[in-house]
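Here is the structure we will look at.
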Amino acid sequence: MSKKYDEQSIREDYGKLTRILIEKNITITTMESATSGQIASLITDTEGSSSIFKGAFITYCNEAKIMQGVPAEILDKYTVYSKETAISMAKACKKAFKSNIGIGVTGTMGNVDPANPDASNPGQVYYAIDIYDKIEAYYIELEPQPTRLAYKLAVAKEIYDALIEMI
């Protein structure tokens, strides 16, 4: 059975999430690769989000991840597509922005990454959530989606589901 991701309900979920973060005064930031800022965008679509959203990094290439605090050794040892990289991304953005929550996302959407072909498997995504220094890392395999936006929204939904349980 293929899992369906509805854009409108995902946007509504993120509105709820942002209002909860505002109510609880919990700050958040992201370091996104595969989702290229989609999570940050969904969070900041809600009025008042500037009180809890500290900022974000879109680290689409390996060099950008390293520049923002992901150790090159992690990429070399585990590849850019790994839980270890996602964890490092979550920790690095949380530290950089001194936020309560850091989210790191890396993976391959619908095609093989020409910059990392040996580690790239379409539909495989890794993400991590660092909340108050408790870190959870996740791996998902997405079924083929019709568009890049659909892939990003699918990952956003998975992250929302994990994060809402943690807060």
Distance cut-off 23 Å, percentage of C-alpha pairs in the chain lying past it: 32 percent
Considering Cα pairs under 8 angstrom that are at least six residues apart, work out the relative contact order of the chain and quote it in whole percent. 23 percent
Charge dipole (debye, nearest 20) of the chain; +1 at Cβ of Lys and Arg, -1 at Cβ of Asp and Glu: 380 debye
Candidate aspartates and glutamates - alpha carbon under 16 Å from Lys3, same-chain residues fewer than 8 apart omitted: Glu141, Glu143, Glu158, Asp161
Which net charge results for the neighbourhood of Met109, defined as the other residues with beta-carbon distances under 14 angstrom from its beta-carbon, given Lys and Arg at +1 and Asp and Glu at -1? -3
Which residue, chosen from Ile87, Ile52, Ile10, occupies the Cα position most advanced towards the positive end of the dipole of the chain, where the dipole is computed from +1 (Lys, Arg) and -1 (Asp, Glu) charges on Cβ about the Cα centre? Ile52
Straight-line reach check, Lys77, cutoff 16 Å on alpha carbons, 8 or more apart in-chain or any other chain, hits among lysines -> Lys65
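None of the figures in this text is laboratory data; all of them are computed from the coordinates on show. Remember, predicted model here, so these are calculated numbers, not experimental data. Don't worry about glycine lacking a Cβ; one is built from the backbone with ideal geometry, like all the others, and counts go over all protein chains shown.
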